[in-house]
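Colleague: Take this structure first; my questions come after.
The values are calculated or read from the model by the stated rules, or taken from the named source; none is laboratory data. Just so it is clear, the structure is predicted and the values come from calculations on it, not from any experiment. Cβ atoms come from the backbone with ideal geometry, glycine included; neighbour counts cover every protein chain shown. Note: accessible area is taken over every heavy atom of the protein model, side chains too, but ligands, DNA and RNA are not part of it. Shrake-Rupley method; radii C 1.70, N 1.55, O 1.52, S 1.80 Å.
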Amino acid sequence: MLVDGKWTEDWQPVQKADDKGRFVRQVSSFRNWITPDGSAGPTGTGGFAAEAGRYRLYVALICPWASRTLIARKLKGLDGLIPVTVVNPALSSQGWQFGGYPGAEADPLFGATHLHELYTRADPAFTGRATVPVLWDMKQDVMVNNESADILRMFDTAFEGLASSDHRLYPADLATQIDALNARIYEALNNGVYRAGFASTQAAYDEAVAGVFAMLDELEDRLTGDYLLGDRVTETDIRTFVTLIRFDAAYHGLFKTNLRQIRDYPTLSAYMARMLALPGVVETVNMDHITRGYYSIKALNPTGIRPVGPAHVTALLAAAI
């Protein structure tokens, strides 16, 4: 991680745990917002107006948080407005790096070797982990935001005058329901799989796994329509899908969330297929990057050997292409 702008130690999956051995996720540090007119958003400062070609999104295809933003970019028709750079899926001793793997790209702006170089460019005294996604302002040469939840929201509204889609992922009439369900799904499932995989005590692991499968059971029962909140795709569906599509391939084995697979949930399996059929969504899922990335975590898989399956996920993706 970076300490006062200097790389100090090899990348580790867990930098912080509470007194009961529970994994604690780092809080995002850059929280400015792109808005239609450049006025300030809910956090940070103003000065970031929506403009075509002004902003670049840095992502890792392994990462569910980054994939949220990629799916929103597709569904909102922002492909031609916001270019994307994909980092190497394997986490190096210095975290995310550029190039060196099929589908991974060199940094087109600064020729950086590792993502943490962008963080110190944005803040020479930055302390913390260099995470994805990163939204960079190429006009002002600053980092706008590195919080996926914020980026998801700003992609939904900031570019509406320029985007090809007017579908709202966070509609006002569902906002209260979305916020409540997002919070519960994040705690039990999105972050719950990480709390299981990176638990440092049996009690912390047991607690996390129980929460993961309680939420999966609830979602299986909840899905009576096409999507979680009725017949419209919302950001809650995006947040849920990115965890589900990685579950059988990575979390079930590597993170030891192995009571059941998603394939054991017929309603959730059909839901994943519907999500993959949405315009552009399947293009955001790269199972090679996902398994390459997760199984490169030496603390969990010191040999680096990747499993060949699961075949049913490969078939699901092939059917959506």
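Colleague: Rounded, prolate or oblate: which fits the stretch 223-288, taking a ≥ b ≥ c as square roots of the Cα gyration tensor eigenvalues, rounded meaning a/c under 1.5, else prolate when a/b beats b/c? Each step should come with its number before you reach the end.
Modeller: On the way: a/c = 2.18, a/b = 1.40, b/c = 1.56.
It is oblate, given that a/c is not under 1.5 and a/b is not larger than b/c.
Colleague: Sticking with this one: Can you tell me the FRET efficiency between ALA125 and THR45 if r is taken as the Cβ-Cβ distance and R0 is 22 Å, rounded to the nearest 0.05? Don't skip to the answer; put the middle values down first.
Modeller: Numbers: r = 18 Å, r/R0 = 0.82.
Plugging the Cβ-Cβ distance into 1/(1 + (r/R0)^6) gives 0.75.
Colleague: I need the chymotrypsin sites (Phe, Trp or Tyr not before Pro) found in the stretch 71-144, filtered to DSSP loop residues with at most 16 other beta carbons within 10 Å of theirs. Please report the intermediate quantities before stating the final value.
Modeller: Details: sites: TRP96, PHE98, PHE110, TYR119, PHE126, TRP136; in loops: TRP96, PHE98, PHE110, PHE126.
Loop-located and lightly packed - PHE110.
Colleague: Please report the carbon-and-sulfur percent of the accessible area for the chain; probe 1.4 Å, protein heavy atoms only, DNA, RNA and ligands left out.
Modeller: Working: 6770 of 13080 Å².
It is 52 percent, rounded to a whole number.
Colleague: Spin-label point model (7 Å from Cα, Cβ direction): what's the SER93 to ARG31 distance in nm?
Modeller: 3.5
Colleague: How far apart, in nm, are two points set 7 Å out from the Cα along the Cα-to-Cβ line at ALA318 and at ALA270?
Modeller: The answer from the label model is 2.4 nm.
Colleague: Among ALA249, ALA208, SER269, whose Cα projects farthest towards the positive end of the dipole of the stretch 160-309, with charges put on the beta-carbon of Lys, Arg (+1) and Asp, Glu (-1)?
Modeller: ALA249
Colleague: I want to check the label-to-label distance for ALA214 and ASP173. Put each point 7 Å from Cα in the C-beta direction and report it in nm to one decimal.
Modeller: Each label point is offset 7 Å from its Cα along the Cβ direction, giving 3.3 nm.
Colleague: Right, next: I'm a student and want to see the number: the projected area of the Cα convex hull of the stretch 62-109, averaged over all directions, in nm². Provide the component values of the computation, followed by the final result.
Modeller: Working: hull surface 15.7 nm².
Convex hull of Cα atoms, orientation-averaged projection: 3.9 nm².
Colleague: Continuing with this model, one more query. Pull out the extension gain between ASP221 and ALA311, defined as 0.36 nm times the separation in residues minus the alpha carbon to alpha carbon distance; nm, one decimal.
Modeller: Details: separation 90, 0.36 × 90 = 32.40 nm, distance 2.56 nm.
Full extension from ASP221 to ALA311 adds 29.8 nm.
Colleague: Divide by every residue of the chain the summed helix terms, -39500 (n - 2.57) for each DSSP H run of at least 4, and state the resulting mean residue ellipticity at 222 nm, rounded to the nearest 500 deg cm²/dmol.
Modeller: Values: 10 runs with 109 residues, N = 321.
That calculation yields -10500 deg cm²/dmol at 222 nm.
Colleague: Would you please put 218-228, 184-194, 149-159 in order of how densely packed they are, using the mean number of other Cβ atoms within 10 angstrom per residue and starting with the highest? Don't jump to the answer; show the numbers that get you there.
Modeller: Details: 218-228: 14.7, 184-194: 19.8, 149-159: 22.6.
The packing order, highest mean first, is 149-159, 184-194, 218-228.
Colleague: Just report the Cα centroid separation between the stretch 75-100 and the stretch 267-284, whole Å.
Modeller: Computed from Cα coordinates, the inter-centre distance equals 21 Å.
Colleague: For an R0 of 45 angstrom, estimate the FRET efficiency from the Cβ-Cβ distance between GLN140 and THR8 and round to the nearest 0.05.
Modeller: Values: r = 29 Å, r/R0 = 0.63.
My answer for the efficiency is 0.95.
Colleague: Work out how much length GLU187 to SER164 would gain on full extension: take 0.36 nm times their residue separation and subtract the Cα-Cα distance, in nm to one decimal.
Modeller: On the way: separation 23, 0.36 × 23 = 8.28 nm, distance 3.31 nm.
Computed gain between GLU187 and SER164 is 5.0 nm.
Colleague: Would you mind checking LYS20/LYS298; LYS20/LYS74; LYS6/LYS256; LYS6/LYS74; LYS76/LYS139 for any pair whose Cα atoms are more than 29 angstrom apart? Show your work: numbers first, answer last.
Modeller: On the way: LYS20/LYS298 23 Å; LYS20/LYS74 40 Å; LYS6/LYS256 34 Å; LYS6/LYS74 36 Å; LYS76/LYS139 23 Å.
Listed pairs above 29 Å: LYS20/LYS74; LYS6/LYS256; LYS6/LYS74.
Colleague: If each Cα of the stretch 121-189 is one equal point scatterer, what is log10 of I(q)/I(0) from the Debye formula at q = 0.12, 0.16, 0.25 Å⁻¹?
Modeller: So the normalised log intensities are -0.47, -0.77, -1.16.
Colleague: Follow-up question, since we're still on this one. How high is the relative contact order of the chain? Use alpha-carbon pairs under 8 Å, at least six apart in sequence, and give a whole percent.
Modeller: On the way: 562 pairs, mean separation 66.0, N = 321.
Dividing the mean separation by the residue count of the chain yields 21 percent.
Colleague: Turning to a different aspect of this structure: If the only charges are +1 at each Lys and Arg Cβ and -1 at each Asp and Glu Cβ, what is the size of the charge dipole of the chain around the Cα centre, to the nearest 20 debye?
Modeller: On the way: 30 positive and 36 negative charges, 115 e Å.
I would put it at about 560 debye.
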